[in-house]
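The values are calculated or read from the model by the stated rules, or taken from the named source; none is laboratory data. The model shown is predicted, which means the values in this text are computed figures rather than measured ones. Note that we place each Cβ from the backbone using ideal geometry, even for glycine, and neighbour counts take in every protein chain shown. To get the accessible areas, we keep the full protein, side chains included, count just its heavy atoms, and leave off ligands, DNA and RNA. Shrake-Rupley method; radii C 1.70, N 1.55, O 1.52, S 1.80 Å.
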Amino acid sequence: MSITAAIHRTLFKDKDGGGGALSSIIKQRFLSFLIWQSLQSTLMLFLSKTLVLSPFTKYPFSPIFLSLLYFLCFHFSLFVFSVSLFFVSSPHPLRFASPLEISLSFIRLIFVSGGEQSLLRTRVRVSLTFVLFVCLCAVAGAVSAISVCWGCDAYYDVDSGSIRVGVLGFRGFVIGLIYGLHYVYKQRWVFRFPIIQRPPFFSYKMGLPLSIRRALRFSAVSFALSGILSFFLPNEYKSQGSVGKFIAEQIVFYLGSFVVILCWELSHHLHQVLHTKRFVFAPSKGSAAAETNPSEPLLATIEESTPNSLLQYLAYLDLCMVCENNVDSWRRAAFFEETGETYRRVIAACLRPLEHFTQKLAEGLECSSADKSMQLSDQLTSPTERLAVLKLYVSFFDAQLCAWCARVVASLTSRSRKEDKFGVAQLSGSNADVVSTLLSSLLAVEALMGKKTNVQSTHLMGPAGIKWATVNTGRRESTAGAMGKIRGSPLYAKAYSMADILKTSIYCIASAFHNEMLSSGKAGLLEKEWIIGSKPLYGTQELLLHKLRLFLDHQAT
């Protein structure tokens with residue numbers, strides 16, 4: 001019992017992010033993934049033995065004992081791959097330690113303690129997890145290749161009367177190693193939440209063509225690399241037969257490697273579909289809990305679950321769909337309850353990730369100007385500039401979560417104009433916090449992209465006809481010549497996407513309250529009603545007000 005509990009804690013630690021009934025959500029999805037993965041793998045193995053490899057096999061399923069043995073080995077290798085896939089997956093990118101940092105961490109562990117050392121240990125743990133995943137992929141590749149290609153006459157040694165397992169295992173090991181390295185390097189372990197939530201069957205069906213194409217390309221590359229490396233094996237592991245037998249060996253192994261990689265690709269796709277599916281954090285409609293406080297399960301999950309865990313991501317996804325869609329309008333109506341406590345909790349829970357994102361982005365911009373920090377070339381010799389680039393990349397790790405939060409606060413704020421019967425949005429003062437946070441985040445992202453943000457005095461005319469002074473961000477902005485270098489950076493695509501989401505969110509609010517904002521602007525109350533009185537996270541109050549006026553004039557580009 002203790003061993004089972006230890007395995008459960010190891011597998012589901014930091015995955016569910018909660019306890020009790022909440023932890024069962026991730027566990028049930030993982031168990032469903034294992035069941036469906038075994039079914040599709042069994043089908044693939046049966047089709048490969050009966051249709052694909054049958055021309056090269058006289059007796060594909062005999063003797064029964066060995067067939068059952070290789071069948072179990074094949075499923076065990078896929079089980080190991082599936083467990084490692086679940087263990088390494090994360091809803092957001094993770095920082096990992098370099099080999100030098102891993103070596104130094106064991107020395108520093110003895111002499112240093114504190115928050116920074118704890119952070120380093122986390123990065124070392126992530127790195128070791130990736131190394132373990134690659135090793136398990138290599139072992140699973142060796143076992144799977146032997147299991148699939150077993151029984152083929154091309155790998156049957158007439159002299160010894162046995163299957164040449166060594167060369168199959170070596171080439172399968174190489175394929176698994178290459179696949180694991182590619183999987184980690186391309187960050188395919190990060191969950192990609194679909195823009196449109198479909199039933200799992202249709203989501204799985206739509207990804208089948210892509211999985212097949214990836215399996216074809218990867219099996220071709222891995223087949224060539226493993227074939228080259230196999231030439232360096234000792235002579236007893238090499239083919240001693242005729243040219244025809246050698247060609248048959250290559251055909252059989254390519255078909256077998258394609259089956260193995262296709263099973264892995266389908267498992268990866270199934271894993272993504274099942275774990276990124278929306279979960280409804282709400283009691284059944286018509287129940288007592290739905291009548292009293294239907295928002296409590298959702299808010300409790302967001303506030304009490306482990307930060308940045310998969311469970312918290314699923315809760316934010318459910319919140320975003322409730323706020324934007326009209327399917328669960330009764331749940332959205334519960335946010336505007338009379339006391340206003342629920343609305344404040346929702347807004348606070350969504351503004352925290354945006355504020356954290358803006359602060360980290362501002363720290364990266366403080367270390368270096370936008371034009372230099374975006375040049376990811378050999379010119380970055382200064383440790384300060386490298387640290388600035390690293391901070392900028394890390395700030396976008398939670399881009400998916402920040403996008404959901406921006407859409408939630410924008411949707412709730414705009415819908416409060418018609419759905420807020422008690423006026424809790426206006427009385428709580430959340431409108432100014434929402435608009436100011438979105439504007440600050442947008443200014444920080446635009447500064448990263450190299451856009452100049454200067455306040456034009458013609459737009460800052462007070463009620464007495466007094467022109468306010470010209471204000472800038474106080475940081476060096478990139479010139480037009482640097483824009484070409486910025487656009488070539490991988491970070492630019494993330495910044496452009498986030499800027500587009502923030503602009504859409506602000507336009508959503510400005511369109512809903514357009515007449516009210518224009519009236520407040522004429523009366524000189526726009527800043528008082530829609531901009532916070534304290535210092536913004538990025539920029540100044542005048543800069544935020546100028547940016548808001550651009551949105552009202554539909555000139556924000």
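Okay, residues lined up against (1) over 21 Å from the mean Cα position of the chain (by Cα); (2) more than 30 Å from H92 (Cβ to Cβ); (3) part of a helix (DSSP H, G or I); (4) modelled with pLDDT under 90:
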residue	(1), (2), (3), (4)
L168	yes, yes, yes, yes
L177	yes, no, yes, no
F193	no, no, no, no
F201	yes, no, yes, no
S211	no, no, yes, no
V221	yes, no, yes, no
S226	yes, yes, yes, yes
Q240	yes, yes, no, yes
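Considering each of S105, S48, S84 in turn, give the residue that is modelled with pLDDT under 85 and within 30 Å of S309 (Cβ to Cβ).
Values: S48 fails: within 30 Å of S309 (Cβ to Cβ); S84 fails: modelled with pLDDT under 85.
Checking each option against the conditions leaves just S105.
Look at region 339-360 and say how many of its residues are small (G, A, S), open to solvent by less than 10 Å² (accessible area, probe 1.4 Å) and more than 21 Å from the chain's Cα centre (by Cα).
Let us first name the residues in region 339-360 that are small (G, A, S), namely 340, 348-349.
So of that shortlist, the ones also open to solvent by less than 10 Å² (accessible area, probe 1.4 Å) come out as 340, 349.
Retained after the next criterion (residues that are more than 21 Å from the chain's Cα centre (by Cα)): 340.
Within region 339-360, residues that are small (G, A, S), open to solvent by less than 10 Å² (accessible area, probe 1.4 Å) and more than 21 Å from the chain's Cα centre (by Cα) number 1.
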Residue list for region 298-320, restricted to those being surrounded by fewer than 18 Cβ atoms within 10 Å (Cβ to Cβ) and assigned to a helix (DSSP H, G or I):
A300, E303, E304
Among the hydrophobic types (A, V, I, L, M, F, W, C), modelled with pLDDT under 90 and crowded, with 22+ Cβ neighbours inside 10 Å, is that true of A406?
no
So how many residues does region 140-154 have that are open to solvent by 40 Å² or more (accessible area, probe 1.4 Å) and either touching a Lys or Arg at 6+ places or on another chain (Cβ under 9 Å) or at pLDDT 95 or above (or both)?
1
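Could you pull out the residue among S416, S436 that is in contact with a Pro (Cβ under 7 Å, 6 or more places away or on another chain) and either more than 17 Å from M498 (Cβ to Cβ) or hydroxyl-bearing (S, T, Y) (or both)? If you could, list the steps in order and put the result at the bottom.
Working: S416 fails: in contact with a Pro (Cβ under 7 Å, 6 or more places away or on another chain).
Result of the check over S416, S436: S436.
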Residue pairs within 6 Å by beta carbon, gap of at least six or interchain, first lying in region 280-297 and in contact (Cβ under 8 Å) with a residue 24 or more places away in the chain, second aliphatic (A, V, I, L, M) and buried (at least 17 other Cβ atoms within 10 Å of the Cβ), listed first then second, are F281/L298; F281/A315; P294/A282; P294/A334; S295/A334
So which of F246, F336 is hydrophobic (A, V, I, L, M, F, W, C), open to solvent by less than 20 Å² (accessible area, probe 1.4 Å) and out of contact with any Leu (no Cβ under 6 Å at 6 or more places or on another chain)?
F336
Sole miss for R188 among (1) within 30 Å of D328 (Cβ to Cβ); (2) of a type in the set (K, R); (3) surrounded by 13 or more Cβ atoms within 10 Å (Cβ to Cβ) is condition (1)
The one condition L392 fails out of (1) open to solvent by 10 Å² or more (accessible area, probe 1.4 Å); (2) at pLDDT below 95 is (1)
Could you grab the pairs with beta carbons closer than 8 Å, sequence gap of 6+ or different chains, first residue in region 518-540 and closer than 26 Å to E366 by Cβ and of a type in the set (K, R), second one open to solvent by 20 Å² or more (accessible area, probe 1.4 Å) and assigned to a helix (DSSP H, G or I)?
K535/Q541
